[in-house]
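**Q** Before we start, here is the structure in question, set down as structure tokens.
The values are calculated or read from the model by the stated rules, or taken from the named source; none is laboratory data. Small disclaimer: the values here were computed from a predicted structure and weren't measured. A quick note on method: Cβ atoms are made from the backbone with ideal geometry, for glycine too, and the neighbour counts reach across all protein chains shown. Note: areas computed on protein heavy atoms with side chains; ligands, DNA, RNA excluded. Shrake-Rupley method; radii C 1.70, N 1.55, O 1.52, S 1.80 Å.
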Amino acid sequence: MARKPRTELVHGGTRRSQYNEVSEAIFLTQGFVYDTADQARMRFEAAGPDEFIYARYGNPTVAMFEQRIALLEGAEDAFATASGMAAVNGALCSALKAGDHVVAGKALFGSCLYILQEILPRFGVEVDFVDGTDLDAWRAAIRPDTRAVFFESVANPTLDVVDIAGVVEIAHAHGALVMVDNVFATPVFSRAIELGADVVIYSATKHIDGQGRALGGVVLGTKEFIRKTLEPYMKHTGGSLSPFNAWIMLKGLETIDLRVRAQADATLQIAEALRGHEKLGRVLYPGLADHPQKALVDRQTGSGGTVLSLDLKGGQEAAFAFLDALEIVIISNNLGDAKSIATHPATTTHQRLDDALKQELGITPGLVRLSVGLEDVEDLIDDIEQALSRC
Ligand SMILES: *Cc1c(COP(=O)(O)O)cnc(C)c1O
């Protein structure tokens, strides 16, 4: 009997030791003892599913996390990484070689942009950037030698949504792998694999931990891609997730559905309460009924997610005054956390983008990104409104 996601999030992937512990054990060990020299030889030759060699290659706690998230996402397999960026770097570098062509959505997290713009070209990979929301732009940019396309399914911080199924159709017609950085969609609302994405990437630092404790990441895909392409690259280059952080992420998955749904409900309420506020130019939230991409959101995730962005009419000065006046919402740069967090992308997360690109992407001086946490939503609305009145 197929179990529902909420059940898999609590029980999926569990491996119990000889003690039959209730809570998943942390196997805080770098390695494993072999009974005989010949057993060591055989394990290096081919390790079975419950046989481990070295924590850089795999570890029981890490394997539990990988299996649980793969069950949630509907992916054949997963590989856990030390951070979201180790996941992005591993997915791209393991799949690409000199001479390959990549097309990427240009609205990217600063570090993803660094890999695509600075690192890959250094090794002979050609990368073209397109407006990810424009399917004609994807069609025009993809070539017979395009090996992969990469994009954030919901762009940070303007929250423009990319049509995953649309890009998949175009990319697959040319045999290109579709790699999706799916952080803003969240694993709870994701249907990326079902929509045809080949590789789905999360920073587990965000909603999966959800409590601001640890870095982590994960790459999901077919067994063939994860074990034949990605795993050899990751295990030999050192980007594996630590067992302790894997345990944090594993326990985070037990509550992620409840947390993210509550956060998304609160985000919609806040977006609705702030719409039309005299201090605000735009309230950007793809879950709003009049958002131009609402139909795509309904098809793709069914939720606008846990982040909204506000564009203050008074520019950077007003944005800073607003941030400084907040009493409950903290100024930081994580998202998906139980604590509500406000960020000024133009001067922090997206500081390294040049001014022309910031303008093109809508990262204006007055833009503030709000990641909505688990506080009482009325308190959050009061806090945001009092801070707006003081800027
Ligand atoms: C945070 C983030 C990353 C990087 O994840 P880390 O865990 O910080 O390395 C990559 N992509 C997106 C969209 C993110 O929000």
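**Q** What residue among Ala155, Ala82, Ala262 has the largest mean-square fluctuation in a Gaussian network model of the chain, using Cα springs under 10 Å?
**A** Ala262
**Q** Kindly provide the Kirkwood hydrodynamic radius of region 257-388 in Å, to one decimal, from all pairs of distinct alpha carbon atoms.
**A** Numbers: mean 1/r = 0.0672 Å⁻¹.
Kirkwood radius, region 257-388: 14.9 Å.
**Q** Which of the trypsin sites (Lys or Arg not before Pro) found in region 44-152 are in a DSSP loop and have at most 12 neighbouring Cβ atoms, other than their own, within 10 Å?
**A** On the way: sites: Arg56, Arg68, Lys97, Lys106, Arg122, Arg139, Arg147; in loops: Arg56, Lys97, Lys106.
Qualifying residues, ordered by number: Lys97.
**Q** Tabulate in residue order the Karplus-calculated ³J(HN,Hα) for region 243-250, using 6.51 cos²θ - 1.76 cosθ + 1.60 with θ = phi - 60°, rounded to whole Hz; enter x for Gly and Pro.
**A** So the J values, rounded to whole Hz, are x, 5, 5, 4, 5, 4, 5, 4.
**Q** Scaled to the compact-protein estimate 2.2 N^0.38 Å, what is the alpha-carbon radius of gyration of region 104-188, rounded to two decimal places?
**A** 1.03
**Q** Given the Cα-Cα distance of Gln18 and Glu224 and 0.36 nm per residue of separation, how much length would full extension add, in nm? Present the calculation step by step, with values, prior to reporting the outcome.
**A** Numbers: separation 206, 0.36 × 206 = 74.16 nm, distance 3.14 nm.
Once the chain is fully extended between Gln18 and Glu224, it gains 71.0 nm.
**Q** Separate question: For Val200, what is the net charge nearby, where nearby means another residue's Cβ is under 9 Å from its Cβ and Lys, Arg count +1, Asp, Glu -1? The partial results should precede the final answer.
**A** Values: positive: none; negative: Glu73, Asp181, Asp198.
Once all neighbours under 9 Å are counted, the net charge is -3.
**Q** Could you point to the residue in Gly302, Gly281, Ser389 farthest towards the positive end of the chain's charge dipole, with +1 and -1 charges on the Cβ of Lys/Arg and Asp/Glu respectively?
**A** It is Gly302.
**Q** Out of every Cα-Cα pair in region 1-142, what percent are more than 20 Å apart?
**A** Values: 6432 of 10011 pairs.
More than 20 Å apart: 64 percent of the Cα pairs in region 1-142.
**Q** How large is Rg/Rh for region 137-242, to two decimals, with Cα atoms and a Kirkwood Rh?
**A** 0.98
**Q** Once Lys and Arg get +1 and Asp and Glu get -1 on their Cβ, which of Leu108, Leu380, His174 lies farthest toward the positive end of the dipole of the chain?
**A** So the residue we want is His174.
**Q** Turning to a different aspect of this structure: Can you compute the FRET efficiency between His277 and Glu169 using 1/(1 + (r/R0)^6), with r the Cβ-Cβ distance and R0 = 45 Å? Round to the nearest 0.05.
**A** Details: r = 39 Å, r/R0 = 0.87.
Calculated value: 0.70.
**Q** Charges only on Cβ, +1 for Lys and Arg, -1 for Asp and Glu: so what's the dipole of the chain about the Cα centre, in debye to the nearest 20? Walk me through the numbers before you get to the answer.
**A** Working: 36 positive and 52 negative charges, 160 e Å.
Charge dipole, the chain, about its Cα centre: 760 debye, nearest 20.
**Q** Turning to a different aspect of this structure: So what's the back-of-envelope 222 nm ellipticity for the chain, counting only DSSP H runs of four-plus at -39500 (n - 2.57) apiece and dividing by all residues, rounded to 500? Don't jump to the answer; show the numbers that get you there.
**A** Working: 14 runs with 145 residues, N = 391.
Taken over the chain, the calculation gives -11000 deg cm²/dmol.
**Q** Could you go through region 29-37 in sequence order and give the Karplus-derived ³J(HN,Hα) for each residue, using 6.51 cos²θ - 1.76 cosθ + 1.60 with θ = phi - 60°, rounded to whole Hz, and x for Gly and Pro?
**A** 9, 7, x, 9, 8, 9, 5, 9, 4
**Q** Which residue fluctuates most in the GNM of the chain (Cα springs below 10 Å): Phe184, Phe150, Phe32?
**A** Highest fluctuation among the options: Phe32.
**Q** Right, next: Please compute the volume of the convex hull spanned by the alpha-carbon atoms of region 1-78 and report it per residue in Å³.
**A** On the way: hull volume 9.3 nm³, N = 78.
Each residue corresponds to 120 Å³ of Cα convex hull volume.
**Q** Could you please state how large a percent of the accessible area of the chain is carbon and sulfur, counting protein chains only and using a 1.4 Å probe?
**A** Details: 8670 of 16630 Å².
C and S atoms contribute 52 percent here.
**Q** In whole Hz, what ³J(HN,Hα) sequence does region 119-131 give by Karplus (6.51, -1.76, 1.60; θ = phi - 60°), x for Gly and Pro?
**A** 7, 4, x, 4, 9, x, 9, 8, 10, 10, 10, 10, 6
**Q** Right, here's the next one. Whose amide H sits under 5 Å from the amide H of Ile331, counting only residues 5 or more places off or on another chain, with H placed in the peptide plane?
**A** Correct list: Ala342.
**Q** Could you give the size of the charge dipole of region 257-388 about its Cα centre, using +1 on the Cβ of each K and R and -1 on the Cβ of each D and E, expressed in debye and rounded to the nearest 20? Don't skip to the end; give the middle numbers.
**A** On the way: 12 positive and 21 negative charges, 113 e Å.
It works out to roughly 540 debye.
**Q** Over the chain, calculate the relative contact order: mean separation of alpha carbon pairs under 8 Å at least 6 apart, over the residue count, as a percent. Could the numbers behind the result be given before it?
**A** Values: 790 pairs, mean separation 65.0, N = 391.
Dividing the mean separation by the residue count of the chain yields 17 percent.
**Q** Separate question: Report the gain in length on full extension from Glu51 to Tyr34: 0.36 nm times residue separation, minus Cα-Cα distance, nm rounded to one decimal. Spell out each step's value before the answer.
**A** Values: separation 17, 0.36 × 17 = 6.12 nm, distance 1.00 nm.
Extra length available between Glu51 and Tyr34 comes to 5.1 nm.
**Q** Can you tell me the dipole magnitude for region 169-288 around its Cα centre, using point charges on the Cβ only (Lys, Arg +1; Asp, Glu -1), in Debye to the nearest 20? Each step should come with its number before you reach the end.
**A** Values: 13 positive and 12 negative charges, 57 e Å.
The calculated dipole for region 169-288 is roughly 280 debye.
**Q** I would also like to ask the following. I need the fraction of alpha carbon pairs in the chain separated by more than 39 Å, rounded to a whole percent. Intermediate results must be reported in sequence, preceding the final value.
**A** On the way: 13616 of 76245 pairs.
Summing the P(r) tail past 39 Å for the chain gives 18 percent.
**Q** Kirkwood-based Rg over Rh for region 60-160 (C-alpha set), two decimals? Present the calculation step by step, with values, prior to reporting the outcome.
**A** Details: Rg = 14.9 Å, Rh = 14.9 Å.
Across region 60-160, the Cα-based Rg/Rh ratio is 1.00.
**Q** Ignoring ligands, DNA and RNA, what accessible area per residue does the chain give at 1.4 Å, in Å²?
**A** On the way: 16630 Å² over 391 residues.
Solvent-accessible surface per residue comes out at 43 Å².
**Q** Which entries of Lys4/Lys294; Lys97/Lys228; Lys206/Lys313; Lys279/Lys358 have Cα-Cα distances beyond 24 Å here? Before the final figure, lay out each step's value.
**A** Working: Lys4/Lys294 26 Å; Lys97/Lys228 15 Å; Lys206/Lys313 29 Å; Lys279/Lys358 22 Å.
Result: Lys4/Lys294; Lys206/Lys313 exceed 24 Å.
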